[in-house]
Structure formats: C-alpha cells, structure tokens
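Right, one structure below, let's go through it.
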Amino acid sequence: IIPDVVDSETPRTPRHQPICARSGTIRLGFLAELSPRKGLIPLLQGLQLWLSSSGAGRQIELLVGGSIRPGAEAYLKQARTLAGSIDGLEAIFLGPVRHEERSRFYQDIDALAVASLFESFGLTVFEG
C-alpha cells in the first residue's frame, strides 16, 4: 500500500488543449513544499535562461502549488520577485493544493517540473 497518492480511477481529461494542439504558451506545473531544497529558485533561473536564449515569442505559464515550509517565507518572497522579473513567464502561485485537488492540477499542465535538490522518495513524480 502506498499512501497519499492521486486516485488513478479518476479520468484524466485536460481542461485545456494539449501543447501539441496549440501554439504559444507552455503550461508547466511545480508542486512541492516551498523550501530551498525543492529547487523552485533554480527552476526559475533555468526558465529565465531558456526564455532569454530561445528568442522572442516563447511564453511559459508556471503553476506553483504547495505549502510554505515554516521558516522559508523569505525564500518564497525571493522566488516571487524573481518570477515577476522574467520576461515571457507568468508564474501563478496557488498556495497549498489539497490531496483531492491534485489530479486536477496535473490535468491542467503540459509538463511537471521537478527541480528538487533532494528527494527521499519522489512522491510528486509518482503522483503525476
């Protein structure tokens, strides 16, 4: 038995057109506890580099879900500031995503970004 996983019986029908059927914005998801070890700032730095080197017209929407780890409030503030400074990126900070909302979260993205600097199990990858 593996606890805390997304219900696999729920049909996974995206609420938006998949990236292959549309042009323009790529919708990425990041779902983790918001703390330095989960790598949100390195992810944002990588997206900034990619967007600046890939030419005009590339757009990314990043859905960031997760609770703030106690003591990591300054980290989240730094991540929000960085995200707001990146041309071509719209970062949407959703806050905590409840267990029963996770299937919907995964359905709404084109790809899941897992930027963790450390994972003991990798539950987010397993859920997705």
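The values are calculated or read from the model by the stated rules, or taken from the named source; none is laboratory data. Predicted model, so just to flag it, every value in this text is computed and none were measured. When we count neighbours, we look across all protein chains shown, and the Cβ atoms used for this are built from the backbone with ideal geometry, even at glycine. Areas reflect the complete protein model, heavy atoms only, side chains present, ligands, DNA and RNA absent. Shrake-Rupley method; radii C 1.70, N 1.55, O 1.52, S 1.80 Å.
For the reader, a short list of remarks on this structure follows.
- Whole-number D in µm² s⁻¹ for the stretch 39-112, Kirkwood Cα-pair radius fed into Stokes-Einstein, 4 °C, 1.567 mPa s: 97 µm²/s
- Accessible surface of residue 31 - all protein chains present, 1.4 Å probe, nearest 10 Å²: 20 Å²
- Compared with the direct C-alpha span, the chain from residue 33 to residue 67 gains 11.7 nm at full extension, assuming 0.36 nm per residue.
- Solvent exposure, largest accessible area first (probe 1.4 Å, DNA, RNA and ligands not counted), of 52, 67: 52, 67
- Stretchable slack from residue 59 to residue 45, in nm (0.36 nm times residue separation minus alpha-carbon distance): 3.5 nm
- FRET E, pair residue 74, residue 115, Förster distance 22 Å, beta-carbon r, rounded to 0.05: 0.75
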